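Asker: I have a structure I would like to understand better, so I am pasting it below and will then ask my questions one at a time.
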Amino acid sequence: MPLRGIGNMNIASILQQIGLNDFEAKTFTALLAEPKGSSVLNLSKKLNLPRTTIYGHLDSLIKNDLVKKTLSDQGALFFTEDLETLLEIYNEKIEQLKNAKNNLTDLIKKQEFPASYQPKFIFYDKPEAGRAILRDILRSGVKESQWFWPVKEMIKVLTPDVMEWFNKERVVRGIWINVLWPPKRRVQIKEHPFMLPADPQKSLRKVKILPANIDQTLGYCIYGTKVGFISSIKENYGFIVDSQELAQTLKSQFDYFWKISKEYKEK
């Protein structure tokens, strides 16, 4: 079964997954368009590369059982192998990865290596900062967390897609959140479907509105011994602090504000 029924971009990506470099993948892709085979000279012109370079690519492809060489009256011709060969190579790679995973699992169980140090402070200064912090919250294993959350600003910096992903994952993992919104940064939940329903039992979330004189654009979440901070889009950074003392201090402040805040109601 020939490989020519698959898109060239897909073939290039597949070949890179099994260890070929980008140039070798391009040579293979060019050869796909030659059902009757191709000479090195023809490939050299087609790819605008020296023949010595093409020979190097073909040697690598032959060693990986992806290309075969024949002789004709016109000299050496090269052909691509069939789809089954590519599948066999992939299956071999999959088996190798499975074995490597099993070996790693055994090493972890035996604890032959010292436990890795978990830093107390992690800083993110890239657009994906917020997503990285949300991912850490999901992985933390906590079942309840507290959020001081200027939601209107957080929607801008995190984007609706990321917030929808987080909320759905959070509910699946059974993580309840208590949320405080500054009144100047509040939104209507019904206008933002990605936030899930306002019903606490469905969204595993209870929202309260802070007093009118309290406002800020920096959001943070207290989860376990960690606090994750996410700035507004204006500064676009985030950081996590793993500190029992800080978490307890902010939790005490949160509990106070929670008592004096009003429950969220849809307008």
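The values are calculated or read from the model by the stated rules, or taken from the named source; none is laboratory data. Computed from a predicted structure; not experimentally measured. Heads up, the Cβs are rebuilt from the backbone with ideal geometry, glycines too, and the neighbour counts pull from every protein chain shown.
Asker: Output the number of residues of the range 31-47 satisfying the condition of being closer than 18 Å to Ile62 by Cβ and not in a strand (DSSP E or B).
Answerer: 11
Asker: What helices (runs of 4 or more DSSP H) completely inside the range 150-267 contain at least 3 residues that are free of Cβ contacts under 8 Å to residues at least 40 places away in the same chain, surrounded by fewer than 17 Cβ atoms within 10 Å (Cβ to Cβ) and in contact with a helix residue (DSSP H, G or I) (Cβ under 9 Å, 6 or more places away or on another chain)? Talk me through it step by step, then tell me what you get.
Answerer: On the way: elements: 151-158, 160-172, 200-203, 244-260.
In the range 150-267, the matching helices (runs of 4 or more DSSP H) lie at 160-172.
Asker: Give the residue that is nearest to Ile14 (Cα to Cα), with candidates limited to residues of the range 62-101 that are in a strand (DSSP E or B) and modelled with pLDDT under 85.
Answerer: This residue is Leu71.
Asker: Which ones in the range 120-149 are farther than 11 Å from Gly219 by Cα and either free of Cβ contacts under 8 Å to residues at least 24 places away in the same chain or part of a loop (DSSP other than H, G, I, E, B) (or both)?
Answerer: Selection gives Lys120, Asp125, Lys126, Pro127, Glu128, Arg135, Arg139, Ser140, Gly141, Val142, Lys143.
Asker: Next question. Quick one: in the range 127-159, which of the residues that are of a type in the set (Ser, Thr, Tyr) and farther than 22 Å from Glu191 by Cα is modelled with the highest pLDDT?
Answerer: Taking the candidates together, the pick is Ser145.
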